[in-house]
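S.K.: A single structure is presented below for examination.
The values are calculated or read from the model by the stated rules, or taken from the named source; none is laboratory data. Nothing here was measured: the structure is a model prediction, and the numbers come from that model. Here the Cβ positions follow ideal geometry from the backbone for every residue, glycine too, while neighbour counts run over all protein chains shown. Surface areas here come from the heavy atoms of the whole protein model, side chains and all, with no ligands, DNA or RNA. Shrake-Rupley method; radii C 1.70, N 1.55, O 1.52, S 1.80 Å.
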Amino acid sequence: MKQKDKKILLITPFVNPYEESSGRVNKLQNILIDNDIDFDLITTNFNHAKKKEFDIFAKEESFIHLKVPKYKTNISIKRFYSHTVFAFKLLKFLIKYGKNYDLFYSTVPTSLSALVCILYSKINKKKTMVDVIDLWPESFSVLLPFSRFTKYFFAPWYLTSFIVYRYSDKLFAESKKYANYVQRFSKEKVEYVN
């Protein structure tokens with residue numbers, strides 16, 4: 001029998017439950033299932049790794065796929081646009097159904113969808129856990145030549161990430177390096193969970 005007193009919403013734009021697109025989130029799903037904890041998972045219809053729509057979609061009503069624009073490369077305006085569309089659709093979902101959840105778990109990337117969760121949680125007195133699986137957009141600074149344009153272009157996303165790191169109720173990180181980085185902005189201890 002499921003624990004109906006608590007329900008969790010997992011928010012992760014790069015996961016399809018029937019494809020091994022994120023072993024970390026799939027492990028979390030299995031832990032929740034094994035412990036009979038009620039949850040829904042919200043993701044996109046877009047396979048980030050293959051740069052195409054998912055071939056197989058989860059049929060269970062607990063898996064929600066939001067349609068987002070496709071993009072062909074990891075570093076592109078279209079990717080930012082796709083993440084923004086996901087965040088706005090997530091906000092619309094939370095306004096309509098968010099009251100049904102006690103806890104939100106959001107992966108970063110995208111920091112914008114995590115920010116939506118945190119803002120919704122703070123307004124509605126709920127909790128948000130953020131799992132940093134990649135430093136985004138911070139990792140772009142390694143890939144792109146530094147210029148005034150990139151500095152100013154990425155500024156809103158850096159700010160969004162810093163706010164997410166600062167105001168999430170609990171932060172996890174996939175690596176010690178990520179944990180050490182986000183710890184600089186967090187009021188709480190960042191947990192490294194492999």
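S.K.: If residue 189 satisfies all but one of (1) more than 20 Å from residue 29 (Cα to Cα); (2) within 15 Å of the chain's Cα centre (by Cα); (3) without any contact (Cβ under 8 Å) to a residue 60 or more places away in the chain, what's the number of the condition it fails?
M.R.: Only one criterion in (1) more than 20 Å from residue 29 (Cα to Cα); (2) within 15 Å of the chain's Cα centre (by Cα); (3) without any contact (Cβ under 8 Å) to a residue 60 or more places away in the chain is unmet by residue 189, namely (2).
S.K.: In this structure, does residue 44 turn out to be in contact with a Phe, Trp or Tyr (Cβ under 7 Å, 6 or more places away or on another chain), open to solvent by less than 90 Å² (accessible area, probe 1.4 Å), of a type in the set (Ser, Thr, Tyr) and modelled with pLDDT of 90 or more?
M.R.: Numbers: in contact with a Phe, Trp or Tyr (Cβ under 7 Å, 6 or more places away or on another chain): yes; open to solvent by less than 90 Å² (accessible area, probe 1.4 Å): yes; of a type in the set (Ser, Thr, Tyr): yes; modelled with pLDDT of 90 or more: yes.
Judged against the criteria, residue 44 is a match.
S.K.: Could you figure out which of (1) within 29 Å of residue 122 (Cβ to Cβ); (2) modelled with pLDDT of 85 or more; (3) open to solvent by less than 70 Å² (accessible area, probe 1.4 Å); (4) out of contact with any strand residue (DSSP E or B) (no Cβ under 6 Å at 6 or more places or on another chain) isn't true of residue 51?
M.R.: Only one criterion is unmet by residue 51, namely (1).
Conditions tested, residue by residue: (1) in a helix (DSSP H, G or I); (2) among the basic types (Lys, Arg).
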| residue | (1), (2) |
| --- | --- |
| 116 | yes, no |
| 128 | no, no |
| 138 | no, no |
| 151 | yes, yes |
| 160 | yes, no |
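S.K.: Just to be sure, is residue 165 at pLDDT 95 or above, surrounded by 22 or more Cβ atoms within 10 Å (Cβ to Cβ) and among the aromatic types (Phe, Trp, Tyr)? Walk me through how you get there before you give the answer.
M.R.: Details: at pLDDT 95 or above: yes; surrounded by 22 or more Cβ atoms within 10 Å (Cβ to Cβ): yes; among the aromatic types (Phe, Trp, Tyr): yes.
Yes; evaluated as a whole, the condition is true for this residue.
S.K.: Restricting to region 168-194, and then to whatever is basic (Lys, Arg) and surrounded by fewer than 16 Cβ atoms within 10 Å (Cβ to Cβ), can you tell me which residue is modelled with the lowest pLDDT?
M.R.: Ranking the candidates gives 187 first.
The rows are residues; the columns are (1) among the polar types (S, T, N, Q); (2) open to solvent by 10 Å² or more (accessible area, probe 1.4 Å); (3) at pLDDT below 90; (4) under 18 Å from the mean Cα position of the chain (by Cα).
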| position | (1), (2), (3), (4) |
| --- | --- |
| 61 | no, yes, yes, no |
| 82 | yes, no, no, yes |
| 87 | no, no, no, yes |
| 111 | yes, no, no, yes |
| 115 | no, yes, no, yes |
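S.K.: Still on this structure, please answer the following. Since residue 91 meets every condition but one in (1) touching a helix residue (DSSP H, G or I) at 6+ places or on another chain (Cβ under 6 Å); (2) free of Cβ contacts under 8 Å to residues at least 40 places away in the same chain; (3) open to solvent by less than 50 Å² (accessible area, probe 1.4 Å), which condition does it not meet?
M.R.: (3)
S.K.: Can you report the number of residues in region 133-152 which are surrounded by 16 or more Cβ atoms within 10 Å (Cβ to Cβ), hydrophobic (A, V, I, L, M, F, W, C) and at pLDDT 70 or above?
M.R.: Within region 133-152, residues that are surrounded by 16 or more Cβ atoms within 10 Å (Cβ to Cβ), hydrophobic (A, V, I, L, M, F, W, C) and at pLDDT 70 or above number 3.
S.K.: Follow-up. Listed residues 81, 97, 105; which is free of Cβ contacts under 8 Å to residues at least 24 places away in the same chain and either closer than 24 Å to residue 153 by Cβ or in a strand (DSSP E or B) (or both)? Please lay out each step first, then the result.
M.R.: Values: 97 fails: either closer than 24 Å to residue 153 by Cβ or in a strand (DSSP E or B) (or both); 105 fails: free of Cβ contacts under 8 Å to residues at least 24 places away in the same chain.
None of the other options fit; the residue is 81.
S.K.: Taking region 1-41 as the search range and keeping residues that are loosely packed, with under 11 Cβ neighbours inside 10 Å and part of a loop (DSSP other than H, G, I, E, B), which one is modelled with the lowest pLDDT?
M.R.: Among residues in region 1-41 that are loosely packed, with under 11 Cβ neighbours inside 10 Å and part of a loop (DSSP other than H, G, I, E, B), the one modelled with the lowest pLDDT is 1.
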